[in-house]
1. Condition first: facing chain B (nearest Cβ under 10 Å) and either without any contact (Cβ under 8 Å) to a residue 40 or more places away in the chain or under 22 Å from B:G103 (Cβ atoms) (or both). Now tell me which residues in the stretch A:39-53 satisfy that.
2. Please give the strands (runs of 3 or more DSSP E) falling wholly within the stretch B:38-79 in which 2 or more residues are modelled with pLDDT of 95 or more and away from chain A (no Cβ under 14 Å).
3. With within 14 Å of chain A (Cβ to nearest Cβ) and part of a loop (DSSP other than H, G, I, E, B) as the only criterion, which of B:T104, B:T86 stands out?
4. Return only the number of the condition from (1) free of Cβ contacts under 8 Å to residues at least 24 places away in the same chain; (2) under 18 Å from A:Y35 (Cβ atoms) that B:F102 does not satisfy.
Amino acid sequence: NAGVTQTPKFQVLKTGQSMTLQCAQDMNHNSMYWYRQDPGMGLRLIYYSASEGTTDKGEVPNGYNVSRLNKREFSLRLESAAPSQTSVYFCASSFPGQGAAQYFGPGTRLLVL
Amino acid sequence: QKEVEQDPGPLSVPEGAIVSLNCTYSNSAFQYFMWYRQYSRKGPELLMYTYSSGNKEDGRFTAQVDKSSKYISLFIRDSQPSDSATYLCAMSGSGGYQKVTFGTGTKLQVIP
């Protein structure tokens, strides 16, 4: 039981390049989330998927797109990376419904030059 | 004003001390309260989960929620060097999908 896995662990991009961050969970959770974590800002929600087939914007969606590929997988795409997107990205998952605790992956550290 | 306020620390304590970590919040609709532990360069790990007011104990950890004061606490008894990490509080409301709002985290160092 791996929980939430993320790939890659670390990535360096040049401004304007694109990339996709992958996330998978094996806990049979319905809901999945993408956060970014920056010093002094805490965790900020980028996008979430309450259930397979649905996605919604969070606090900071600009510059990102997501795909809920199936129940297990939720990917985050940067179409044209900017230095402001340098951050640590975390994927999380939970059962649906109010107050459900979220379980996080190990993170992807992204540096955009 | 942020919805959730958390002292960033760092907080340094000697091994064996009792640690008190706190968060205040402004949204009276919050009903679910969580504490996460995050080691350096790792993802947040769920530590404690409570609903509404009251106390919850799990081993050396006790979570307290005082909704009247909009104040939550995490106590760590007999602190160990392995407790050195950043602790994030988190909370959410009820009724349909409710996003989770996180504090910015308090960095704790337990000195042997």
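1. Those that are facing chain B (nearest Cβ under 10 Å) and either without any contact (Cβ under 8 Å) to a residue 40 or more places away in the chain or under 22 Å from B:G103 (Cβ atoms) (or both): A:P39, A:G40, A:M41, A:G42, A:L43, A:R44, A:L45, A:Y48.
2. B:61-66, B:71-76
3. The unique qualifying residue is B:T104.
4. B:F102 satisfies all of (1) free of Cβ contacts under 8 Å to residues at least 24 places away in the same chain; (2) under 18 Å from A:Y35 (Cβ atoms) except (1).
The values are calculated or read from the model by the stated rules, or taken from the named source; none is laboratory data. Keep in mind it's a predicted model, so treat the numbers as computed, not measured. Quick reminder, even Gly has a Cβ in these numbers, built from the backbone with ideal geometry, and neighbours come from all protein chains shown.
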